[in-house]
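Notes follow once the structure below has been shown.
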Amino acid sequence: MRSPERAAPVQARRPFAEAGLVAAVLVALLWGQEIADELVFGGRLDRFGIVPRHLDTLSHILSAPFLHASFMHLIGNTLPLAVLAFLNALRGAGRFVVATLVIVVVGGLLVWLFARSGNHLGASELVFGYFGLLLASAWHERRPGDILAALAALVLYGGALWGALPSSPYISWESHLFGFIAGVIAARLLRTDRTRKLV
């Protein structure tokens with residue numbers, strides 16, 4: 001029988017192990033998809049990106065954040081996605097999955113409604129969504145762990161927030177902006193009952 005003294009460190013490590021697994025699975029899925037797209041489908045899966053205000057691409061809000069135009073596009077998103085996904089998944093895999101769904105649906109719908117014409121795709125919607133989720137969760141929850149996670153995100157990627165403003169015509173800043181907004185919305189929807197009584 002495991003003693004309480006030995007069980008405590010194991011329990012303390014569990015959220016980190018679970019969050020690491022969640023982030024690794026997400027990154028592996030994105031890389032597996034892009035490898036299959038390049039080697040098997042010849043890049044044809046990119047047509048499942050979002051073309052704003054085209055009804056036949058409305059359902060693509062569910063696929064666009066998981067597609068990339070090239071391996072270089074995916075490489076640019078991989079590290080920030082892994083780090084921010086890990087920090088968010090520390091609150092639990094279930095919460096992370098629900099938050100991801102909110103970011104994908106709300107962010108994608110806003111892109112479909114308001115973005116420039118063109119094919120919008122890429123995990124940067126998720127990257128900025130997870131960023132917004134971390135910052136807004138720290139504001140709503142006021143827990144030390146949430147505040148530390150938000151500070152870590154700001155130190156590592158705070159400069160990336162400029163990417164939510166119009167810049168290069170080849171970058172979907174709309175996906176950045178609306179992903180961030182969707183992350184903020186997800187944080188408010190998922191805040192705890194304790195916090196709802198205080199705010």
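Just so it is clear, none of the values below were taken in a lab; they were calculated from the coordinates. Worth saying up front: this structure is predicted, and the values here are computed from it rather than measured. So basically every Cβ, Gly included, is an ideal-geometry build from the backbone, and we count neighbours across all protein chains shown.
Observations, loosely collected:
- Placing pseudo-labels 7 Å out from each Cα toward the beta carbon at residue 31 and residue 47 gives an inter-label distance of 2.9 nm.
- Each peptide in 67-76, 103-112, 124-133 was scored by the mean count of other Cβ atoms within 10 Å over its residues; highest first, the order is 124-133, 103-112, 67-76.
- Were the residues from residue 14 through residue 97 laid out at 0.36 nm apart, the gain over their Cα-Cα distance would be 28.1 nm.
- Each of residue 156 and residue 170 was given a label point 7 Å from its Cα along the Cα-to-Cβ line. The distance between the two points is 2.7 nm.
- Contact order normalised by residue count of the chain, Cα under 8 Å, 6+ apart, percent: 24 percent
- Rounded to the nearest 0.05, the FRET efficiency derived from the C-beta distance between residue 55 and residue 114 at R0 = 22 Å is 0.90.
- Shape box of segment 103-173 [Cα atoms, principal axes, largest first, Å]: 42, 24, 16
- Cα-centre dipole for the chain with unit charges at Cβ (Lys and Arg positive, Asp and Glu negative), debye to 20: 860 debye
- Listed by Cβ neighbour count within 10 Å, with the fewest neighbours leading, 78, 192 appear as 192, 78.
- Sum of -39500 (n - 2.57) over DSSP H runs of 4+, divided by residues of the chain (222 nm, nearest 500): -21000 deg cm²/dmol
- Label of the coordinate-derived value, Rg/Rh (Cα atoms, Kirkwood Rh), listed as (i) 1.01; (ii) 0.99; (iii) 0.93: (i)
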